[in-house]
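Please read the structure below before turning to the comments.
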Ligand SMILES: [Zn+2]
């Protein structure tokens, strides 16, 4: 054949391929009903696009492979009904269907594999969020927003106990999984006889890690202040575009060398103004008005962040005085000019010789089950050797 004929043939083939690709994509996006079979799953769908169903199936297969085959979790459900709400979602949202499928599949593992009651949302939703990240660790934009309320909304809300809300608990389980044995820890927890009925998981966690739940919680709380929770880079960046301080503090002040007694919150939580924004997953809580109220960690495991910026070189003593019935855990999380974080436990008091060696102190306060949670914090010039250095 002549060169021109070859060229014409090539061009026709090329156009044909483009048309085929275009029409198959159109077909993929067309909404309809049917049955989709993947290797281990059957999805009956309605009002859904082929693309959405294919992503769901991929998510279920990947979750089955990672969680059941690789990590040894008991099996979940293999037949699924999927009905899309109107109107069908954008293609960008469909991208997240794989990690959503991993989340939902994990709920069926909880129910069918372990007979866990779903009433304990901290455990059921929190570990389903963990499963999303475990199966699709790079899809942080698909699950990250549901983890944000504690960072942007505060944690000690007036009406809800901290260990009640659901999805944001994923942040805790991601942290615990990263530090205490990964998927095998979560699986051991599910297999622990004490949580068979959805009760007593903090006790089971204590047995598995060898630490009290309050101590584990305190480690998590320090990691929140020091930006050492999993996916921190992504999680803190978005909210910081909208609110001045993340995590949201209850008090903001300076060390000027003058004595300062902190008894009230002075920072109004901006969360009510922004929490309706759907980018935060609509996970709104109703925060207490912390401004000018006495310092009190209302609920067990509530967390307060107090931000103090050093402006004076005068050596500083930090003193904490709390209700003696309350089992507080208090830490100073200090940030150096290089951006690194150091953390020190603060029992009754400690001193810092060179406050200007730091850019910021966050005093982080949490507590266990007992007591009222009332406390105050005093900053003053170092005068006696009553307290040890902060370290
Ligand atoms: Zn869920």
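The values are calculated or read from the model by the stated rules, or taken from the named source; none is laboratory data. Here the structure is a predicted model, which is why all the values come from computation and not from measurement. Glycine gets a Cβ as well: all are built from the backbone with ideal geometry, and neighbour counts include every protein chain shown.
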What about residue 76, is it in contact (Cβ under 8 Å) with a residue 60 or more places away in the chain and within 15 Å of the ligand (Cβ to nearest atom)? no
Among the residues of region 201-222, the number that are outside any helix (DSSP H, G or I) and either surrounded by 15 or more Cβ atoms within 10 Å (Cβ to Cβ) or on the phi < 0 side of the Ramachandran plot (or both) is 2
- request: Look at residue 127 and say whether it is within 15 Å of the ligand (Cβ to nearest atom), within 30 Å of residue 226 (Cα to Cα) and in contact (Cβ under 8 Å) with a residue 24 or more places away in the chain.
  value: yes
For region 103-114, pairs from a residue that is outside the structural domain of residue 128 (by TED's automatic domain parsing) to a residue that is in a helix (DSSP H, G or I) and within 11 Å of the ligand (Cβ to nearest atom), with Cβ under 9 Å and 6 or more apart or across chains, are none
In the set 334, 313, the lone residue that is out of contact with any strand residue (DSSP E or B) (no Cβ under 8 Å at 6 or more places or on another chain), modelled with pLDDT of 95 or more and surrounded by 13 or more Cβ atoms within 10 Å (Cβ to Cβ) is 313
By residue number, the members of region 166-185 that are over 16 Å from residue 226 (Cβ atoms), outside any loop (DSSP other than H, G, I, E, B) and within 15 Å of the ligand (Cβ to nearest atom) are 169, 170, 173
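Quick one: which of 390, 350 is crowded, with 17+ Cβ neighbours inside 10 Å, touching a residue at least 12 places away in the same chain (Cβ under 8 Å) and not assigned by TED's automatic domain parsing to the domain that holds residue 258?
390
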Note on region 103-116: residues touching a helix residue (DSSP H, G or I) at 6+ places or on another chain (Cβ under 8 Å) and away from the ligand (no atom under 11 Å from the Cβ) are 109, 113, 114, 116
When every residue in region 131-153 that is within 11 Å of the ligand (Cβ to nearest atom) and crowded, with 23+ Cβ neighbours inside 10 Å is compared, the one modelled with the lowest pLDDT is 143
